[in-house]
1. What number comes out for the charge environment of residue 34, summing +1 per Lys or Arg and -1 per Asp or Glu over other residues with Cβ under 13 Å away?
2. Compute the Cα gyration tensor for the stretch 31-103, then decide on rounded, prolate or oblate, letting a ≥ b ≥ c be the square roots of its eigenvalues: rounded whenever a/c is under 1.5, prolate when a/b is larger than b/c in the other cases, and oblate in all that remain.
3. Provide the FRET efficiency to the nearest 0.05 for the residue 20-residue 47 pair, computing r from the beta carbons and using R0 = 22 Å.
4. For an R0 of 25 angstrom, estimate the FRET efficiency from the Cβ-Cβ distance between residue 93 and residue 28 and round to the nearest 0.05.
5. Compare the Cα positions of 99, 38, 76 along the charge dipole of the stretch 31-103 (+1 at Cβ of Lys, Arg; -1 at Cβ of Asp, Glu; about the Cα centre) and return the one farthest towards the positive end.
Amino acid sequence: MIYMGKDIDPKNVRMGRTDAQRFIDTLESLTKEEKRQMIEDLHRFQKDHAYAHRNMDELRKKYPDEYVAIYRRRVVDHDKDMTALFERLKFAYDIRHMAVEFVPKEKMHYIFSSYSI
């Protein structure tokens with residue numbers, strides 16, 4: 001199997017499906033309250049992630065080439081070293097519910113292409 005010009009081992013594709021099934025099994029085992037909490041956490045993460053992208057120009061001025069931790073649409077910490085940032089964050093926040101974004105000094109432009117073989 002070839003993806004993005006690279007030869008992909010089919011065993012890895014099957015492994016991905018197994019992981020997906022494990023995830024589905026986990027979701028099915030959650031209580032209604034746990035599912036509600038998971039959805040709430042995902043919505044909060046989505047809002048924090050969107051905040052970062054909406055405010056990237058301002059973040060770029062304040063935190064060029066740094067990682068920023070965003071919690072409830074507010075920058076709570078930042079560092080050039082992601083490991084150091086996570087070390088501080090894990091004592092103050094539940095980092096599973098936090099968006100951490102890299103803020104490049106300069107704007108980055110992406111070109112996406114779709115083609116079929």
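A short reminder: the numbers here are calculations on the coordinates, not readings from a lab. Model, not experiment: these values are computed from the prediction. Virtual Cβ from ideal backbone geometry, glycine too; neighbours counted across all protein chains shown.
1. -1
2. Oblate shape, in that a/c is at least 1.5 and b/c is the bigger or equal ratio.
3. 0.30
4. The formula returns an efficiency of 0.30 here.
5. Sorting the options by dipole projection puts first 38.
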